[in-house]
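Structure first, commentary second.
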Amino acid sequence: MLPSSRPTIIAGVVAIAAFLGLAWYVVASKSTTGPGGGAGGPPAGAAAGGQRPQGGPPQGGGGAPTAGARRPEGGGAPGAGGARPGNGGAGRPGGAGGPGGGPPQVVVVTTTLKESSFADAVEALGTAKANESVNITAKTANRIVSIRFTEGQQVRKGDVLLELDGVEASADLAVAEAALADTRSQYKRSTELFATKALSQAQMDQIQSTLRQNEARVSAAQGRMNETIIRAPFSGRVGLRNVSVGSYVTPAAVITTLDDTSVIKLDFSVPETYLTMLANGLEIEATSTAYPGVQFSGKVASIDSRIDPVSRSVIVRGNIDNRDSRLKPGMFMTVRLLRAEDRALTLPEQALVPEADRQFVFVVRDGEVKKTEITVGRRRPGEVEVLKGLKGGDVVVTEGTQKLVDGTKVRLEGEEPQAAGPAGAGRQRPEARS
């Protein structure tokens, strides 16, 4: 290296050292200044406890020494962006606490348990049937000669509905009656001859047999004659007719229908689990979409003797008075089966907190909730029966259970929160720094 270039190199090294010292000073100054100009945490290399860092720029740097963080009086080490307060020392104030310095109270809605009337009710779907119903048909194939009813007419038992061709049946009856009259005349004369021993016992027996045969023939002919007249088997309302005068009908052809709807039979299925509560005479309430808001009352008339092995249910039949003829056979109805009312502790269903197959509720005592397991029984829309775990007068949370755990402090909706605790329990006032 040439002696003439040595001063230039030294000057360059000094300039670089001065630049690095200035950069160190700037970085150190920024790291010791917190938000808002407060004292920050110690820079890298500073002694623990917030002591003033020693040293300055590197040898030959010529820069100003870095500013250290000031330790607050009577407190701990300063944190980043602010000083942590100690006993009586200045620093960032503590966080806000709940009333009295504890956790905040949860606002809930409650209800007080008490006994009320509770009636078992089973809902089912049923189909309406007429008290008596029949398809009117002919016993023999024949031609219709007269129709004696109008569609939808109310008829009485024994009223003539229609007549079939009876010419042949009438002729057969006349022949049978003539033969019977002749036989009766012979029998009368034979009786007189038999008394004088003019006829043997065998001849007399033969005449008696012929008389009985002719009487039977007359009865048969009279029956065939009666079959040409179709009558109403019971009182009821006639349906639509499917034939006309002159139609040739067979026993399989339905001429019309006849229904007695003064009483409607309502058949519905009930699960076997409710078998013990079923009994004749239980009240039922039925509704139909055809009559919104209208309830039809009735009673259980009979219970099937068998349980369906597929559905595990039993068919129950109820009777509903229908003298106003509003209900029609075949209507789809919703049925509620009511059992005699009794007294029971009831609880709103929304208060239950299910866990697996167990049921819990939150009971309010002295401003806190206690998670309590209960046993529930019968149910009805919106309510359950409490069998075990609670007693009358207990206050139970119905709204807000999702925010509660055992021991949570609560206050009722609309109540004022409790007053704040003594000073020092909540937010502290920082002391002035020297």
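The values are calculated or read from the model by the stated rules, or taken from the named source; none is laboratory data. Treat the numbers as computed from the prediction; the structure is a model and nothing was measured. Don't worry about glycine lacking a Cβ; one is built from the backbone with ideal geometry, like all the others, and counts go over all protein chains shown. Calculation scope for accessible area: heavy atoms of the full protein, side chains included, ligands and nucleic acids excluded. Shrake-Rupley method; radii C 1.70, N 1.55, O 1.52, S 1.80 Å.
Being in contact with a strand residue (DSSP E or B) (Cβ under 7 Å, 6 or more places away or on another chain), over 26 Å from residue 151 (Cβ atoms) and among the β-branched types (Val, Ile, Thr) narrows it down to one of 307, 255, so name that one. Quick ask: steps written out before the conclusion?
Numbers: 255 fails: over 26 Å from residue 151 (Cβ atoms).
Just a single option satisfies the conditions, and that option is 307.
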| Matching entry among 224, 241 (being part of a loop (DSSP other than H, G, I, E, B), of a type outside the set (A, V, I, L, M) and either touching a Pro at 6+ places or on another chain (Cβ under 7 Å) or on the phi < 0 side of the Ramachandran plot (or both)) | 241
| Restricted to region 354-382, and to residues that are within 28 Å of residue 277 (Cα to Cα) and in contact (Cβ under 8 Å) with a residue 40 or more places away in the chain, which residue is least open to solvent (accessible area, probe 1.4 Å)? | 378
| query | Looking only at residues in region 332-344 that are open to solvent by 30 Å² or more (accessible area, probe 1.4 Å) and of a type outside the set (Ser, Thr, Tyr), which one is modelled with the highest pLDDT? | reply | 332
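State yes or no: is residue 133 loosely packed, with under 15 Cβ neighbours inside 10 Å and either modelled with pLDDT of 80 or more or aromatic (Phe, Trp, Tyr) (or both)? Can you show your working first?
Working: loosely packed, with under 15 Cβ neighbours inside 10 Å: no; either modelled with pLDDT of 80 or more or aromatic (Phe, Trp, Tyr) (or both): yes.
Judged against the criteria, residue 133 is not a match.
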| query | Restricting attention to region 288-346, and to residues there that are part of a loop (DSSP other than H, G, I, E, B) and small (Gly, Ala, Ser), which single residue is nearest to residue 376 (Cα to Cα)? | reply | 340
| request: Could you identify the single residue in 176, 124, 90, 128 that is among the hydrophobic types (A, V, I, L, M, F, W, C), open to solvent by less than 60 Å² (accessible area, probe 1.4 Å), modelled with pLDDT of 90 or more and out of contact with any Phe, Trp or Tyr (no Cβ under 9 Å at 6 or more places or on another chain)? | output: 176
| field | Identity of the residue in region 315-331, surrounded by 14 or more Cβ atoms within 10 Å (Cβ to Cβ) and of a type in the set (S, T, N, Q), that ends up nearest to the chain's Cα centre (by Cα) | value | 319
| task | Filter region 383-398 down to residues that are in contact (Cβ under 8 Å) with a residue 60 or more places away in the chain, open to solvent by 20 Å² or more (accessible area, probe 1.4 Å) and over 22 Å from the mean Cα position of the chain (by Cα), then give me how many there are. | result | 5
| field | Counted residues, region 251-307 - those being within 24 Å of the chain's Cα centre (by Cα) and among the acidic types (Asp, Glu) | value | 4
| remark: Within region 261-309, of all residues that are open to solvent by 40 Å² or more (accessible area, probe 1.4 Å) and charged (D, E, K, R), the one nearest to residue 153 (Cα to Cα) is 265
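Just to be sure, is residue 312 touching a Pro at 6+ places or on another chain (Cβ under 8 Å) and open to solvent by 60 Å² or more (accessible area, probe 1.4 Å)? Outline the logic, then answer.
Details: touching a Pro at 6+ places or on another chain (Cβ under 8 Å): yes; open to solvent by 60 Å² or more (accessible area, probe 1.4 Å): yes.
So residue 312 fits the description; yes.
Yes/no matrix, rows are residues, columns are (1) under 60 Å from the mean Cα position of the chain (by Cα); (2) farther than 30 Å from residue 262 by Cα; (3) open to solvent by less than 50 Å² (accessible area, probe 1.4 Å):
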position: 142; (1), (2), (3): yes, yes, yes
position: 154; (1), (2), (3): yes, no, no
position: 161; (1), (2), (3): yes, no, yes
position: 170; (1), (2), (3): no, yes, no
position: 191; (1), (2), (3): no, yes, no
position: 196; (1), (2), (3): no, yes, no
position: 203; (1), (2), (3): no, yes, no
position: 215; (1), (2), (3): no, yes, no
position: 226; (1), (2), (3): yes, no, no
